[in-house]
Amino acid sequence: MEYRTLKGVGTAQLIIRKSVFIGYASPANTEEEAKDFIARIKAHHSDATHNVSAYLINDGKNFAVRHDGDGEPKGSAGKPVLKVIQNKGLSNVVVVVTRYFGGIKLGYGGLVKAYSDAASLAIENAGIVEVYETERFEVTFPYNLFHTVKSTVEENGGRVVGEEYGGELVRFTVETRKGEAEPLIELLTERTRGRIRLKPLFMRSF
């Protein structure tokens, strides 16, 4: 299964009509990891007016969705944060937005916008990555085919993730998305007129 998630933890801070909103976004591979992250933020901001949270876990094996408005008017906080995660097409993500009330009420629409903006900025600052299954193979060839092999791999969705140089031969370890190795191998064989040796390796998640 392919999905989009976060590179790491991202934070953002907004001040809206004297209220401070601090967003935290993090990858979470399980519901337990998401809950632990929320608990840590709540402990760190135990003096805050609200610690609103949402997470979405879906990696093809585990599925969990939850949002918590932490006392804000119903639908004005946790749900908008979850919608930000969903609208960005993300999975295995947890977001917490902490609010320190500044004395001026924002109204329902103002709360929705504030929590959404803080969540979105925290996610953007965390960075988004794609997770997908890959497969690898080894290709061994003479030095005079170096540029042909390397350019064919790089121009057709592959990555050279390992290089070994011997007396007369070069060996590349090539990685592609699952399902893309076979057409790349066929193209390499064609462009080198069969003057390569191939060995399949293994699949993994990236």
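The values are calculated or read from the model by the stated rules, or taken from the named source; none is laboratory data. These numbers come from a predicted model, not from an experiment. Here the Cβ is made from the backbone with ideal geometry for all residues, glycine too, and neighbour counts use every protein chain on show. The accessibility values were calculated without ligands, DNA or RNA, using every heavy atom of the protein model including side chains. Shrake-Rupley method; radii C 1.70, N 1.55, O 1.52, S 1.80 Å.
Can you give the FRET efficiency to the nearest 0.05 for E31 and R177, using r as the Cβ-Cβ distance and R₀ = 30 Å? Walk me through the numbers before you get to the answer.
Working: r = 28 Å, r/R0 = 0.93.
After rounding, the FRET efficiency stands at 0.60.
How far apart, in nanometres, would the label points at F101 and R197 be if each is projected 7 angstrom from Cα along the Cα-to-Cβ direction?
Distance between label points: 7.4 nm.
What ranking of I22, I16 comes out by heavy-atom accessible area, probe 1.4 Å, highest first?
Numbers: I22 25, I16 50 Å².
Result, largest first: I16, I22.
For I16, which sequence-distant residues (separation of 5 or more, or a different chain) have an amide H within less than 5 Å of its own amide H, given hydrogens modelled in the peptide plane?
Result for I16 returns F21.
Determine, for the range 85-206, the count of lysine pairs separated by eight or more sequence positions (or lying on different chains) whose alpha-carbon distance falls under 19 Å. Show your work: numbers first, answer last.
On the way: K88/K113; K105/K113; K150/K199; K178/K199.
So the count of such lysine pairs works out to 4.
If you add up the charges near N156, with Lys and Arg at +1 and Asp and Glu at -1, over every other residue whose beta carbon is less than 13 angstrom from its beta carbon, what do you get? Walk me through the numbers on the way to the answer.
Numbers: positive: K150, R159, R177, R191; negative: E154, E155, E175, E180, E182, E186, E190.
My count for the surroundings of N156 gives -3.
With every protein chain left in place and a probe of 1.4 Å, what is the accessible surface of I15, to the nearest 10 Å²?
Solvent-accessible area, nearest 10 Å²: 120 Å².
Give me the number: length gained by fully extending N144 to D59, i.e. 0.36 nm times residue separation minus the C-alpha to C-alpha distance, one decimal in nm. Don't skip to the end; give the middle numbers.
Values: separation 85, 0.36 × 85 = 30.60 nm, distance 4.33 nm.
That works out to 26.3 nm of additional length.
Quantify, in whole percent, the carbon and sulfur part of the accessible surface of the chain (1.4 Å probe; protein heavy atoms only). Numbers along the way, then the final one.
Working: 5280 of 10970 Å².
That share works out to 48 percent.
Using a probe radius of 1.4 Å on heavy atoms only, what accessible surface per residue do you get for the range 114-166? Whole Å² is fine. Walk me through the numbers before you get to the answer.
Working: 2400 Å² over 53 residues.
About 45 Å² of surface per residue is accessible.
Note the angle between two axes, namely the Cα long axis of helix 78-87 and the longest principal axis of the Cα atoms of the chain, as a number of degrees from 0 to 90, rounded to the nearest 10.
20 degrees
Using each residue's phi in the range 141-148, evaluate 6.51 cos²θ - 1.76 cosθ + 1.60 at θ = phi - 60° and report the 3J(HN,Hα) Karplus result to the nearest Hz, with x for Gly and Pro.
7, x, 4, 6, 9, 3, 5, 4
Only sites in a loop by DSSP and with at most 16 other Cβ atoms within 10 Å count here; which GluC sites (Glu not before Pro) in the range 1-105 make the cut?
Here the GluC sites (Glu not before Pro) that fit, given the DSSP loop and packing criteria, are E2.
Less than 18 Å from a label point 7 Å out along the Cα-to-Cβ axis of E130: which backbone N atoms in the range 167-187 qualify, by residue?
Within reach of a label on E130: 175-184.
What whole-number value in cubic angstrom gives the convex hull volume per residue for the C-alpha atoms of the range 54-206?
With only Cα atoms used, the range 54-206 gives 137 Å³ per residue.
Just in the range 102-176: which GluC sites (Glu not before Pro) are loop by DSSP and have at most 15 other Cβ atoms within 10 Å?
Taking the range 102-176 and a limit of 15 other Cβ atoms within 10 Å, the loop GluC sites (Glu not before Pro) found are E155, E168.
Which value, in Å³ per residue, describes the convex hull spanned by the Cα atoms of the range 1-126? If you can, show how the numbers build up before the last one.
Working: hull volume 10.6 nm³, N = 126.
Cα-based convex hull of the range 1-126, divided per residue, equals 84 Å³.
Can you tell me which of D117, D68, D36 moves the most in a GNM of the chain? Springs connect C-alpha atoms under 10 Å apart.
Fluctuation is largest for D36.
Using label points projected 7 Å from each Cα along Cα→Cβ, tell me how many nm separate R40 and R159, to one decimal.
Here the answer is 2.5 nm between the modelled labels.
At a 10 angstrom cut-off on C-beta neighbours, averaged per residue, how do the peptides 3-12, 186-195 rank from highest to lowest?
Taking the mean over residues of other Cβ atoms within 10 Å, the ranking is 3-12, 186-195.
How tilted is helix 107-126 with respect to the longest principal axis of the chain? Cα atoms for both, answer in degrees (0 to 90, nearest 10).
30 degrees
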